[in-house]
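Trainee: For reference, the structure I am asking about is given below.
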Amino acid sequence: MKQFLIIGAGRFGGSIATTLYNMGNDVLIIDDSEEAINQISGSVTHAIQGNAADERLISTIGANNFDVCVIAMGSDIQSSILVAIMLKEAGARYIVAKAQNELHAKVLYKVGVDKIVFPERDMGAKIAQSLVSSNIMDYIELSPEYSIVEITAIKEWIGKNLLELNMRAKYGINIMAIKKGTSINISPTALTVIEEGDVLIVIGHNSDLKKLERKV
């Protein structure tokens, strides 16, 4: 079991947090929105309402105790950078941060962030790549052990629901969301049917993802 700190309970951070928790990991999530914390509190190990840019809060939670810290904050670039600095000074082992643009990413790298992701900006590019490349579209590495992968649905999955496919038992992965054309389903159920052209956003251990890559 790994320990993850997620800062920001929006769509990106919340999805990562709940999926990691469902995989049996210890997840602490922080957000300054009481509503967001109330919504996610039952789906993670611990949920704290507070300003992550408060140095006292960062020092209290012990950032150095987590295997991975994910900065998934929204559009507040200044706070994102400040949190990255504080996490680094607190001894965080591995930091993943969401960036709004290239300049934001450069600053985050400068202050010691290990991995930068552009979830919104990259979406269109990843869809385009799927039209000319293999079923594996792209990786977002969360840590040396875990990654998020986008996979174009293969023929044998089409027409079956998630219960029938039983991805976790067969491949050791969890489905975070399903993109159908221009829409995205961020909370697929067991009865959600995979259709031709669907893109599955999955999370899993890198060894399991490599096995899946060889299959697709």
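Trainee: Could you work out the relative contact order of segment 3-117? I mean the mean sequence separation of Cα pairs under 8 Å and 6+ apart, divided by the number of residues, in percent. If you can, show how the numbers build up before the last one.
Mentor: On the way: 222 pairs, mean separation 27.6, N = 115.
In percent, rounded to a whole number, it is 24.
Trainee: Using a simple charge model, +1 on the beta-carbon of Lys and Arg, -1 on the beta-carbon of Asp and Glu, nothing else, what dipole does the chain show about its Cα centre, in debye to the nearest 20?
Mentor: Computed charge dipole of the chain: roughly 600 debye.
Trainee: Too long at a 19 Å Cα-Cα cut-off: which of Lys106/Lys179; Lys179/Lys210; Lys170/Lys210?
Mentor: Pairs exceeding 19 Å: Lys106/Lys179; Lys179/Lys210.
Trainee: Here's another thing I want to ask about it. Using modelled backbone amide H atoms (1.01 Å from N, in-plane), which distant-in-sequence or interchain residues come within less than 5 Å of Val68's amide H?
Mentor: Under 5 Å from the amide H of Val68 lie the amide H atoms of Gln3, Leu5, each far enough along the sequence or on another chain.
Trainee: A follow-up question, please. Counting other C-beta atoms within 10 Å, and keeping those with at most 12, which DSSP coil chymotrypsin sites (Phe, Trp or Tyr not before Pro) do you find in segment 1-97?
Mentor: Qualifying residues, ordered by number: none.
Trainee: Jot down the radius of gyration and Dmax of the chain, Cα atoms only, both in angstrom.
Mentor: 17.2, 52
Trainee: Could you grab the relative contact order for the chain? Cα pairs under 8 Å, six or more apart, rounded to a whole percent.
Mentor: Computed value for the chain: 15 percent relative contact order.
Trainee: Under a crude label model (7 Å from the Cα following the beta-carbon direction), how far is Asn65 from Glu196 in nanometres?
Mentor: 5.3
Trainee: 5 Å is the cut-off here: which amide hydrogens, built 1.01 Å from N in the peptide plane, fall below it relative to Ser147, excluding neighbours closer than 5 in sequence?
Mentor: Leu142, Gly204, Asn206
Trainee: Which whole-Hz couplings ³J(HN,Hα) result when phi for each residue of segment 77-88 is put into the Karplus expression 6.51 cos²θ - 1.76 cosθ + 1.60, θ = phi - 60°, listed in order with x for Gly and Pro?
Mentor: 5, 4, 5, 4, 5, 4, 5, 4, 4, 5, 5, 5
Trainee: If the cut-off is a Cα-Cα distance under 16 Å, which lysines reach Lys180, setting aside same-chain residues fewer than 8 apart in sequence?
Mentor: Straight-line reach from Lys180, under 16 Å: Lys126, Lys155, Lys160.
Trainee: Using θ = phi - 60° and the Karplus curve 6.51 cos²θ - 1.76 cosθ + 1.60, what whole-Hz ³J(HN,Hα) does each residue of segment 99-104 get, with Gly and Pro shown as x?
Mentor: 3J(HN,Hα) across segment 99-104, in whole Hz: 10, 8, 7, 5, 5, 4.
Trainee: Something else about it: What is the sum of charges around Gly8, taking Lys and Arg as +1, Asp and Glu as -1, for the other residues whose C-beta is under 10 Å from the C-beta of Gly8?
Mentor: Value of the local net charge: -1.
Trainee: What list of ³J(HN,Hα) values in whole Hz, one per residue of segment 195-210 in order, does the Karplus curve 6.51 cos²θ - 1.76 cosθ + 1.60 (θ = phi - 60°) give from phi, with Gly and Pro shown as x?
Mentor: Result, ordered by residue: 10, 4, x, 5, 10, 9, 9, 10, 10, x, 5, 4, 5, 5, 5, 5 Hz.
Trainee: Just to be sure I understand: of the beta bridges DSSP finds with both ends in the chain, what percent are antiparallel, rounded to 5?
Mentor: Working: 22 of 41 bridges.
Taking every DSSP beta bridge with both residues in the chain, the antiparallel ones total about 55 percent.
Trainee: Continuing with this model, one more query. Using the 2.2 N^0.38 Å rule of thumb for compact globular proteins, work out how segment 3-117 stacks up: its C-alpha Rg over that value, please.
Mentor: 0.95
A short reminder: the numbers here are calculations on the coordinates, not readings from a lab. Remember, predicted model here, so these are calculated numbers, not experimental data. Using ideal geometry, Cβ is built from the backbone for each residue, glycine included, and neighbour counts are taken over all protein chains shown.
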